[in-house]
Amino acid sequence: MAPSPEKNSVIVLTKPTGSSHARIKVGLSVYSSSVQGAPHFALAARSSVILNATDDCLRRYQSEAEFFLACQLAMVNAVEHFRSHYPERIDYKFTAVEGDRLPEDCTVGFAVAAFLAAVRATGFVPPIEAELHGWKEDR
């Protein structure tokens, strides 16, 4: 069940928002580690971060920096929850963080995508709730 030296996965989620669809993409690289590192938001070299939020979404935050931080925290919390159940020590880097037409609850979507990316990269499925809050994987 241990990941190879480095295993990558990309998850794309969509959610209907009015007349269009919101889209979130999270890429994750997972690799074995000799020590369990502290929680962090680490980007791999050549990773992309593109976030296009709706006005409704941005109204929830005092600034774009606060919005970006909320998205980061959602992803880190999700991967940390995964790591707390994983039977071996692993570390990770995000390889892609993208969002388009992001609705008010986009942080939930980023958390779901990051968690599913960790599951896909390792093949390990810890106990999870089945509710995805309207987000669906775009395969």
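The values are calculated or read from the model by the stated rules, or taken from the named source; none is laboratory data. Here the structure is a predicted model, which is why all the values come from computation and not from measurement. Here the Cβ is made from the backbone with ideal geometry for all residues, glycine too, and neighbour counts use every protein chain on show.
Say whether the condition of being touching a strand residue (DSSP E or B) at 6+ places or on another chain (Cβ under 7 Å) and either at pLDDT 95 or above or not in a helix (DSSP H, G or I) (or both) is met by at least one residue in the range 56-66. So far as the range 56-66 goes, no, none of its residues is touching a strand residue (DSSP E or B) at 6+ places or on another chain (Cβ under 7 Å) and either at pLDDT 95 or above or not in a helix (DSSP H, G or I) (or both). So for the range 27-39 (the condition being more than 15 Å from residue 79 (Cα to Cα) and surrounded by 15 or more Cβ atoms within 10 Å (Cβ to Cβ)), does at least one residue qualify? No, the range 27-39 contains no residue that is more than 15 Å from residue 79 (Cα to Cα) and surrounded by 15 or more Cβ atoms within 10 Å (Cβ to Cβ). Scanning the range 42-55 for residues being over 11 Å from residue 102 (Cβ atoms) and out of contact with any strand residue (DSSP E or B) (no Cβ under 6 Å at 6 or more places or on another chain) gives a total of 2.
Taken over the range 87-104, residues that are in contact with a Lys or Arg (Cβ under 8 Å, 6 or more places away or on another chain) and either under 12 Å from residue 74 (Cβ atoms) or hydrophobic (A, V, I, L, M, F, W, C) (or both) amount to 4. Filtering the range 31-40 for residues that are among the aromatic types (Phe, Trp, Tyr) and free of Cβ contacts under 8 Å to residues at least 40 places away in the same chain leaves an empty set.
Among the residues of the range 44-91, those identified as of a type outside the set (Lys, Arg), surrounded by 13 or more Cβ atoms within 10 Å (Cβ to Cβ) and under 17 Å from residue 126 (Cα atoms) are 75, 76, 77, 78, 79, 80, 81, 82, 86, 88, 90, 91. Just checking, does the range 23-31 include any residue being in contact with a strand residue (DSSP E or B) (Cβ under 6 Å, 6 or more places away or on another chain), closer than 18 Å to residue 138 by Cα and among the hydroxyl-bearing types (Ser, Thr, Tyr)? No, because not a single residue in the range 23-31 is in contact with a strand residue (DSSP E or B) (Cβ under 6 Å, 6 or more places away or on another chain), closer than 18 Å to residue 138 by Cα and among the hydroxyl-bearing types (Ser, Thr, Tyr). The requirement of being of a type in the set (Phe, Trp, Tyr), buried (at least 16 other Cβ atoms within 10 Å of the Cβ), assigned to a loop (DSSP other than H, G, I, E, B) and within 15 Å of the chain's Cα centre (by Cα) is fulfilled somewhere in the range 117-138, by at least one residue. Restricting attention to the range 87-139, the residues being at pLDDT 90 or above, within 24 Å of residue 18 (Cβ to Cβ) and among the basic types (Lys, Arg) number 1.
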